[in-house]
Amino acid sequence: MKPVLEENDVAEILKMVEESDRPAEFVEALAKGLAILECFDAAHPQMTLSEVARRVGLSPAAARRSLITLQTLGYVGQTNKHFHLRPKVMTLSSAFYFSARIDEVLQPNLRMLVEQFGDASSIGTLDGDHVIYVAHVSVQRARRAAAVVGARYPAGATSLGRVLLAGLSDEALEHYLKTARLEALTSKTVTDPDVLREKIMAVRADGYATTVDQLDYGITALAVPIRNFEGRTIAALNTSGYTGMVTPESMIAERLPALREAASHIAHAMSRYPVLQSTMGT
């Protein structure tokens with residue numbers, strides 16, 4: 001499995017720090033601390049001070065100040081010369097999970113889809129050039145890219161991401177295609193911006209996206225948009241299965257109507273919870 005964040009991705013987290021038009025109230029130290037929390041992942045579970053500094057793009061002195069602060073607050077631990085995250089970090093994501101009513105509003109429809117078709121179902125939203133999974137239900141046990149809540153993957157390599165990209169304005173989509181790093185995660189991953197543009201245009205026309213072995217081998221997925229009352233795509237819903245056991249054609253024929261119905265139910269449910277709806281599609 002590829003790491004959720006790579007060094008260039010982490011550097012992007014601090015991009016606003018260097019922007020001349022950032023808000024006057026922007027707290028650079030807070031941005032650096034959050035970037036340090038986000039630089040730990042499955043490929044980097046523990047790091048030395050110099051490794052953290054290099055990964056986030058900070059001086060060792062600045063990284064040390066942030067690490068000491070986070071350690072004092074209980075978010076970071078230290079074993080010998082290596083720093084690591086502590087369980088208290090989970091309270092940050094659980095605060096969103098419960099305040100946005102994820103389990104109450106989103107999970108029931110995912111469970112229904114998994115009960116009906118098996119395999120897995122997820123909901124994601126855009127975060128820059130990536131898609132973040134905000135809800136997930138699965139009966140799968142394969143060793144492959146994990147679609148767990150909080151996972152963050154390149155948008156162009158996922159069915160969820162392509163639906164979300166299709167919902168962007170023409171200007172925003174072109175900016176993505178010009179600036180995003182389209183890496184080959186498998187031998188089938190689309191890395192040509194022109195080819196990806198064609199596929200996203202097809203998603204706009206069809207109202208759904210399918211992918212096969214784009215993010216990782218063994219993943220075939222179908223996704224549809226979740227739209228607010230204005231018709232704007234604010235999230236995406238998918239169903240996925242094992243490549244070889246399902247095909248895009250069979251998914252479209254057997255699952256698309258149920259997936260669209262679930263997306264409609266989710267959109268209606270989200271409309272009753274402004275906090276949840278406002279956090280999506282930003």
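Need at least 3 residues that are under 30 Å from THR243 (Cβ atoms) and either touching a helix residue (DSSP H, G or I) at 6+ places or on another chain (Cβ under 9 Å) or modelled with pLDDT under 95 (or both) per element, so show me which helices (runs of 4 or more DSSP H) inside the stretch 50-120 make the cut, counting only ones lying wholly within it.
On the way: elements: 60-73, 90-99, 102-105, 107-117.
Counting at least 3 such residues, we get 107-117.
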Might you let me know whether the stretch 190-198 holds any residue that is surrounded by fewer than 16 Cβ atoms within 10 Å (Cβ to Cβ) and of a type in the set (Val, Ile, Thr)?
yes
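Yes or no, residue by residue, for (1) in contact with a Gly (Cβ under 8 Å, 6 or more places away or on another chain); (2) not in a strand (DSSP E or B):
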{"position": "SER122", "(1), (2)": "no, no"}
{"position": "LEU126", "(1), (2)": "yes, no"}
{"position": "LEU164", "(1), (2)": "yes, yes"}
{"position": "ARG181", "(1), (2)": "no, yes"}
{"position": "THR189", "(1), (2)": "no, yes"}
{"position": "ALA205", "(1), (2)": "no, yes"}
{"position": "ASP216", "(1), (2)": "no, yes"}
Across the stretch 225-272, the tally of residues that are part of a helix (DSSP H, G or I) and of a type in the set (Gly, Ala, Ser) stands at 8
task = Please work out if SER94 is under 18 Å from the mean Cα position of the chain (by Cα) and without any contact (Cβ under 8 Å) to a residue 12 or more places away in the chain.
result = yes
Checking ALA180, ALA262, ALA209 in turn, the sole residue that is touching a helix residue (DSSP H, G or I) at 6+ places or on another chain (Cβ under 8 Å), under 22 Å from ASP127 (Cβ atoms) and crowded, with 21+ Cβ neighbours inside 10 Å turns out to be ALA209
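Taking the options ALA63, ALA120, ALA135, name whichever one is under 24 Å from LEU185 (Cβ atoms), crowded, with 20+ Cβ neighbours inside 10 Å and in contact with a Leu (Cβ under 8 Å, 6 or more places away or on another chain). Write out each step before concluding.
Values: ALA63 fails: under 24 Å from LEU185 (Cβ atoms); ALA120 fails: in contact with a Leu (Cβ under 8 Å, 6 or more places away or on another chain).
Only one candidate qualifies: ALA135.
The values are calculated or read from the model by the stated rules, or taken from the named source; none is laboratory data. Please read these numbers as outputs of a predicted model, since none were measured by experiment. Every residue, glycine as well, gets a Cβ built from its backbone with ideal geometry; the counts of neighbours run over all protein chains shown.
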